[in-house]
1. Hand me the list of strands (runs of 3 or more DSSP E) wholly inside segment 351-406 holding 1 or more residues that are over 24 Å from residue 473 (Cβ atoms) and small (Gly, Ala, Ser).
2. Looking at segment 453-469, can you tell me whether even one residue there is hydrophobic (A, V, I, L, M, F, W, C), open to solvent by 10 Å² or more (accessible area, probe 1.4 Å) and within 17 Å of the chain's Cα centre (by Cα)?
3. For segment 75-89, what are the residues that are open to solvent by less than 10 Å² (accessible area, probe 1.4 Å) and within 15 Å of residue 447 (Cβ to Cβ)?
4. For residue 81, indicate whether it is of a type outside the set (Ser, Thr, Tyr), at pLDDT 95 or above and not in a strand (DSSP E or B).
5. What about residue 112, is it out of contact with any helix residue (DSSP H, G or I) (no Cβ under 8 Å at 6 or more places or on another chain), under 13 Å from residue 463 (Cα atoms), at pLDDT 95 or above and acidic (Asp, Glu)?
6. What tally of residues in segment 104-137 results from selecting those that are of a type in the set (Asp, Glu) and either under 21 Å from the mean Cα position of the chain (by Cα) or surrounded by 21 or more Cβ atoms within 10 Å (Cβ to Cβ) (or both)?
7. Check 478, 443 and return the single one that is open to solvent by 10 Å² or more (accessible area, probe 1.4 Å), without any contact (Cβ under 8 Å) to a residue 60 or more places away in the chain and among the small types (Gly, Ala, Ser).
8. Starting from residues that are closer than 15 Å to residue 142 by Cβ and touching a Gly at 6+ places or on another chain (Cβ under 7 Å), keep the ones in segment 207-229 and report whichever is surrounded by the fewest Cβ atoms within 10 Å (Cβ to Cβ).
Amino acid sequence: MTSLKGTDLTTRHRWTRPRLAATVASAAALTLAVGVTAPAAASELYPSPSPAAVTAADIPAVDEIVSSDNMEIVANLPKPAGFDATNALNSDLAFQGDYAFSGNYNGFAIYDISNPKRPELVSQVLCPGGQNDVAVTGDLLFLSTDSSRSDNSCNSVSQSAAIKESWEGIKIFDISDKENPRYVAAVETACGSHTHTLVPDKYGKDVYLYVSSYSPSTAFPDCQPPHDGISIIKVPLHNPAAAGVVNFPNLFPDGGNPGAPVNPGVSATTGCHDITVFPSKDLAAGACMGDGILLDISERDNPRVIERVQDNVNFAFWHSATFNNTGTKVVFTDELGGGGAATCNAAVGPTRGADGVYDITGRGTNLNLEFRSYFKIPREQASTENCVAHNGSLIPVPGRDIMVQAWYQGGVSVWDFTDSANPVEIGWIDRGPVSDTTLITGGPWSTYYYNGYIYSNEIQRGFDVIQINDPRTNPARGVRYDELNVQTQPVFRR
């Protein structure tokens with residue numbers, strides 16, 4: 001076991017930068033060939049912003065921390081040995097009791113957060129196979145492998161997906177002893193597991209995993225096109241070693257968004273990137289490359305698409321989704337540039353690489369997604385900073401729709417979308433670039449609120465703990481969770 005105390009960070013430079021236009025109000029709907037709706041081009045409805053040129057003085061120096069007055073980093077743990085290489089990216093987070101579980105392309109780590117300002121590394125498991133997204137329930141941890149490997153062990157090496165014996169999928173660990181996690185089982189899935197979503201059954205006996213993956217090829221024996229669905233794994237909680245794939249529902253019988261050349265600049269749909277479930281309403285929202293979807297998950301092992309939208313003007317890659325607490329809105333994110341490009345600048349503008357806020361209207365399973373606005377951080381970033389909308393969660397403020405979100409090297413943003421058509425940022429933290437000469441992938445990957453604090457998995461700089469002190473978010477301190485997998489969205493109550 002390796003243990004490392006967190007460091008209190010008390011000195012920082014606070015400042016305010018001239019704001020760029022961050023939102024676009026609701027637009028008239030366009031009817032698509034697939035019979036769904038999307039917002040009209042912002043350029044057709046609103047003038048382009050004309051911000052002053054960003055100068056060197058406007059960009060924080062390498063590793064410099066700047067923030068709004070209501071937010072600060074209170075602790076940071078650098079990536080531990082074995083996870084500290086530049087290509088060993090920190091990825092997703094999950095929470096249970098006094099513990100945070102941190103994915104890394106080389107495995108996962110467990111942190112004791114009983115004192116959020118002094119987190120400790122409890123243990124780490126070396127198990128290469130990015131992205132290594134994580135989810136937890138009870139004594140089990142699930143780990144996504146979307147990297148073709150020689151076998152399903154943690155000692156595997158990279159091996160071409162063109163080789164039939166290569167492996168990708170889900171690994172299952174017993175975490176009853178946090179200091180000594182134990183490998184239990186593995187389940188291979190078609191095209192691997194880029195992300196997965198834990199879905200509880202209605203009886204507490206089993207859980208399901210909705211496994212999202214994409215990019216099939218005729219050269220890959222276990223990842224053949226068209227790959228228009230998701231793998232569903234059933235995990236018996238009393239016998240997790242018996243986990244296995246039980247279904248592969250076809251979510252896009254028509255093939256989904258064709259992408260270029262029909263829709264230039266848009267990813268063709270060949271699966272889903274991420275799914276968020278809202279079990280209390282038997283709903284899920286899928287971010288599926290060129291499509292955004294709503295699913296009826298009343299039959300956990302047989303989800304059914306009930307609504308579908310596209311935005312072929314401003315969304316390049318539908319990446320993730322977040323419901324509001326009443327299940328009446330969805331925020332979809334667009335990962336323009338795949339997370340590896342500098343897209344937070346005037347040239348790209350405020351409506352691309354952004355969030356799209358949609359209201360859910362209708363009744364029962366006759367639901368519609370109606371576009372209301374875009375939101376993007378109003379601070380330009382350096383050309384060496386990868387920056388685009390990425391993973392976030394609700395801050396559980398009763399009666400409000402407030403979200404904290406990662407923007408890679410754009411930092412961390414807290415914004416309010418209670419008024420769907422007019423979202424507004426209320427707090428932020430931003431580090432300077434990893435490098436001022438070379439674009440090195442960095443910044444917060446996942447940034448989630450849990451039991452009074454914001455936890456951020458910074459790709460290169462490690463595990464951050466952030467505190468927000470604002471009358472608009474302070475009521476969330478009264479909401480406590482025993483367990484939180486953000487893509488398994490709970491309903492919070494005081």
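1. Result: 355-363.
2. Looking through segment 453-469, none of the residues is hydrophobic (A, V, I, L, M, F, W, C), open to solvent by 10 Å² or more (accessible area, probe 1.4 Å) and within 17 Å of the chain's Cα centre (by Cα).
3. Within segment 75-89, 75 is the sole residue that qualifies.
4. Yes.
5. Yes: the conditions hold for residue 112.
6. 1
7. Of the residues listed, the single one that is open to solvent by 10 Å² or more (accessible area, probe 1.4 Å), without any contact (Cβ under 8 Å) to a residue 60 or more places away in the chain and among the small types (Gly, Ala, Ser) is 478.
8. Checking each candidate, the answer is 213.
The values are calculated or read from the model by the stated rules, or taken from the named source; none is laboratory data. These numbers come from a predicted model, not from an experiment. So basically every Cβ, Gly included, is an ideal-geometry build from the backbone, and we count neighbours across all protein chains shown. Accessible surface is based on the protein model in full, side chains and every heavy atom, while ligands, DNA and RNA are left aside. Shrake-Rupley method; radii C 1.70, N 1.55, O 1.52, S 1.80 Å.
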